[in-house]
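What follows is a single structure, written as structure tokens, with notes after it.
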Amino acid sequence: MENKKFVVLCTVSLTFLLSIATVSAFVEELDDTFKDTRMSDEIWLIQFYAPWCTYCKQLDPVWYEIGAELKSMGSPVNVGKVDATAHTNFAKEFRVGGYPAIKLLKDDLKYNYRGPRTKDGIMEFADRVSGPVVRALPSQQLFQNVMSRHDVLFVYVGGPSDLKEKYISVAKELIVHTYFFSAARNILPKAVILQEYPAVAVFKDGTYFLYDEQHDGDLASWINRERFLNYLQIDSYTLYEMGDTSKLVALAIVDERNPTEESIRYKTMVERVATEYKDLYNKEFQFGHMDGNEYINGLIMEELAMPSIIVLNVSNDGYFLPPNKVETKEQLVKFIDGVSKGRIKSQGGNGYYQCFIRIVFNTKTTVTNIFTNAPLLGAFLVVVFGGGGSAICYGLCMAWRSMRNTEAMRDTEDEEPITGERVEPKQLKGPGEDKKTETKAKNPAEKKAD
């Protein structure tokens, strides 16, 4: 009997080890010789890690699955990983600013992934960036199929032109965020009326919008503003990306884990304003709702009741709060209009004083959390380290908060840019980390890419 158990245990262990070896075989460990050995036409998806990085260890199983699945699909993308602490020249060339850093190398361009560390998110990024910059839609059937799979769809309509060249150039810059397509005029649904030809259209929210250079400004800015649905659920990753749009973000802050009629009413109210006042506010505001107030509490440095309404200026950590409780759609419109016209002043910001106050607030929150969740540890820190214990608590809490919030932003502004460096509406009917201590400044071209 004991022999049988031993055989079964050995068989299971061997199977497990073989499965790990098989999956990991599709991920290549890279080093400083990569630049010399890589073929110019190879596409590589690379994870830069540090042996001590907790997030990197959590990503490892996902990374091996990605390598195996891309290989089984016949994808041209090679998957690798590199210890950035051992191969520092390699890491510097890719301007790694945090761990784990995920980069895709295609031709002589490096693309930076800043989305959630999930298999689906990284796979979708690899598919999008490794494929054609602009994908042709040669039939109405394919157009409809693509529309059913994408919430937001950018399409160039027409033949060769200066506008097409601009479109391709912008697509190279923003392919990390969204797909870009092209189609002939007869491929579009009959409900689409082109006032000018060629044209660039975005299909979203059940309708479409046409790019107008005089009204919308440069094409890249317009695409950046329009690449989100008019109303959507927003998490910290999405909020971070919205910093590139120059829009203010109007949010209903609700507790999805404990939904109430009032929470539903707040979400509905914000969505109605987003829809009914789209022409008025679309260029300046993004609308949505956020589950939980933890991120907002850290920003405004106080506990925000839920449900609540707030407008964020993501570019400078500023925010606007209603002077009175918002109960109706009309009151919400009045608040949004006040923000738009400057009658309601911005609070917060990212100045030195605000940063200092935010550190004090976070330290206070840390001490409270430590004593609430681990009172013995809190007492130990105070007794042993005295005043310095607060600083230690702060560091511990930052890690604790990050692990609690699995969608916390782990990339820093000092990382490599999103794209690499060189080494009016009509209704549509018919056919969706752990940080390094050393960073490097960006050059002007990289800032533009960001």
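The values are calculated or read from the model by the stated rules, or taken from the named source; none is laboratory data. A quick note: this is a predicted structure, and the numbers were derived from the prediction, not measured. So basically every Cβ, Gly included, is an ideal-geometry build from the backbone, and we count neighbours across all protein chains shown. We work out accessible area using only protein heavy atoms, side chains counted, and drop any ligands, DNA or RNA first. Shrake-Rupley method; radii C 1.70, N 1.55, O 1.52, S 1.80 Å.
One table, with the values for the structure above:
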| read-out | value |
| --- | --- |
| Computed label-point distance, nm, for sites LEU194 and LYS329 using a 7 Å Cα→Cβ extension | 3.6 nm |
| Cα shape, segment 119-180, gyration tensor, a/c 1.5 rule | oblate |
| Subset of LYS57/LYS110; LYS35/LYS110; LYS57/LYS81; LYS71/LYS103 violating a 20 Å alpha-carbon distance limit | LYS57/LYS110 |
| Most to least accessible of HIS177, HIS289, HIS215 (protein chains only, probe 1.4 Å) | HIS215, HIS177, HIS289 |
| Prolate/oblate/rounded call for segment 68-152, Cα gyration tensor, a/c under 1.5 rounded | prolate |
| Prolate/oblate/rounded call for segment 229-357, Cα gyration tensor, a/c under 1.5 rounded | rounded |
